[in-house]
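The values are calculated or read from the model by the stated rules, or taken from the named source; none is laboratory data. This is a predicted model, so every value here is computed, not measured. Note that each Cβ is placed from the backbone with ideal geometry, even for glycine, and that neighbours are counted across all protein chains shown. Accessible surface is based on the protein model in full, side chains and every heavy atom, while ligands, DNA and RNA are left aside. Shrake-Rupley method; radii C 1.70, N 1.55, O 1.52, S 1.80 Å.
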Amino acid sequence: MAFRAAIRPLRSFGIAKPSAQQARCLATPVHPVTQDSSRGPTAMVFLNMGGPSTTDEVGDFLSRLFADGDLIPLGRLQGYLGPLISKRRTPKIQKQYAAIGGGSPIRKWSEYQCAEMCKMLDKVSPETAPHKPYVAFRYANPLTEETYRQMLADGFGNGRGGRAVAFTQYPQYSCSTTGSSLNELWKWRQRLEGKAGAPDEEGGAADGTIKWSVIDRWPTHPGLVEAFARNIEAKLLEYPQERRDKAVLLFSAHSLPMTVVNRGDPYPAEVAATVHAVMKRLNFVNPWRLCWQSQVGPQPWLGPQTSSTVENYIAQGQKDLLLIPIAFTSDHIETLYELDEEVIGESGHADTVKRVESLNGSPVFIEALASLAKSHLDSGIACSTQMGLRCPGCKSDRCLESKKFFASQ
């Protein structure tokens, strides 16, 4: 998430980390397909917030971000305050992106993860192959509209049917993140393909539109937990053995406005579930806390804040602190700048305050993605039971209609 920048695995297939040449690639070519069944090919669409790939894209990124009431609720003044805030913050945020190399690496990692997952799926799930990788970002290129149009151009929909899986890359569900991305996907589905027709005998759409299903949350998936745990174990080795088990593990997740939390958003509980699952895998050796980062604006947000948590522990004499970005699946400005440059860099103890590596190109993580995707494809379900349940305080008609659509698929 990026409010402030503006929130058992399969056997190894020997996937190596991306080469320098692969890392420079910002797009995964997807060749046109011909639909010959309701089972395959399958479009695997990664949903995420995204981030500007260059400093020149920061303004548009922030403009879209602050215009989204699902993410940053500003009430009736959204249309006025959103553009004002984004314009004022653009120069500052451009400097931050310049400091981490001139742009966010989230597109590179998202496209790499999705492409590698699809290669694995082609092997373990031939009945739904070939699997075509797509990335749809909410606020940066490739935007949801762009990706949907590309899918149509590649042979999905437009009377040809086809199956697509919207795979959120937010492991823990929030109406502000996954919810917002699904609302945007539903909007462009309606605009570009019209209302869904009745299903045919094989479960596809009788009118030839794309048949969607959703992987909407996966906070305690064993592969995700294992990937986090292995990265934590590796980083703990940097502490002297006599201090290693006493280092405090600080799980840091993007915060939410309390108005969203009090509405009944499931995100805090699902983040806590991930933390508990990881600590269980680590046998609860180290002390730990869950804290929250990236608050923006004057309204109350979920706390304690990560920055103040680090400051307070250091003041108490606890200087061995290991930060774990538990709600992110790759590096972006919240890890590379906010945690590395601000929280750690300004702590005065960069030798003892450390951060666990992000999941990025971790083979364990990519195997987890493939395992989760195969289970979903085999299940035949449209979405989780939880997704069909609105927040108790939800008053969004768009959210209601979006949930109805994906559940009906």
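At-a-glance table
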item	result
Using θ = phi - 60° and Karplus 6.51 cos²θ - 1.76 cosθ + 1.60, couplings along the stretch 103-119 (whole Hz; Gly, Pro as x)	x, 7, x, 5, 5, 4, 5, 5, 5, 5, 4, 5, 5, 5, 4, 5, 4
Heavy-atom accessible area per residue - the stretch 83-188, 1.4 Å, Å²	32 Å²
Residue among THR55, GLY297, ASN286 farthest towards the positive dipole end of the chain, charges placed on Cβ	GLY297
Mean Cβ neighbour count within 10 Å, used as a protection proxy, ranking 268-276, 221-229, 105-113 highest first	105-113, 221-229, 268-276
Using θ = phi - 60° and Karplus 6.51 cos²θ - 1.76 cosθ + 1.60, couplings along the stretch 319-332 (whole Hz; Gly, Pro as x)	10, 7, 10, 10, 7, 10, x, 8, 10, 10, 9, 7, 6, 6
Sorted peptide list for 387-393, 244-250, criterion being average Cβ within 10 angstrom, highest first	244-250, 387-393
Percent of Cα-Cα distances greater than 12 Å, calculated over the stretch 334-379	69 percent
Long-range HN-HN contacts of LYS132 with modeled amide H, under 5 Å	THR42, ALA43, MET44
Sequence ranges 283-292, 338-347, 63-72, ranked by mean other-Cβ count within 10 angstrom, highest first	63-72, 338-347, 283-292
Nearest-20 debye value, the chain charge dipole, Cβ charges on Lys, Arg, Asp, Glu	400 debye
Over the chain: helical MRE at 222 nm, DSSP H runs n ≥ 4 each giving -39500 (n - 2.57), nearest 500	-12000 deg cm²/dmol
Alpha-carbon centroids, the stretch 98-158 and the stretch 313-332: separation in whole Å	30 Å
Other-chain or far-sequence residues with amide H under 5 Å of LEU323's (modelled H)	LEU250, LYS354, ARG355, VAL356
Spatially close lysines, pair count over the stretch 151-306: Cα under 21 Å, gap of eight or more or interchain	6
Under 5 Å, built H, 5+ apart or other chain: amide partners of ARG217	none
More than 41 angstrom apart: percent of Cα pairs within the chain	12 percent
Accessible solvent surface per residue of the stretch 279-361, calculated while the other protein chains remain in place, 1.4 angstrom probe, Å²	41 Å²
Surface share of carbon and sulfur [accessible, 1.4 angstrom probe, percent] for the chain	51 percent
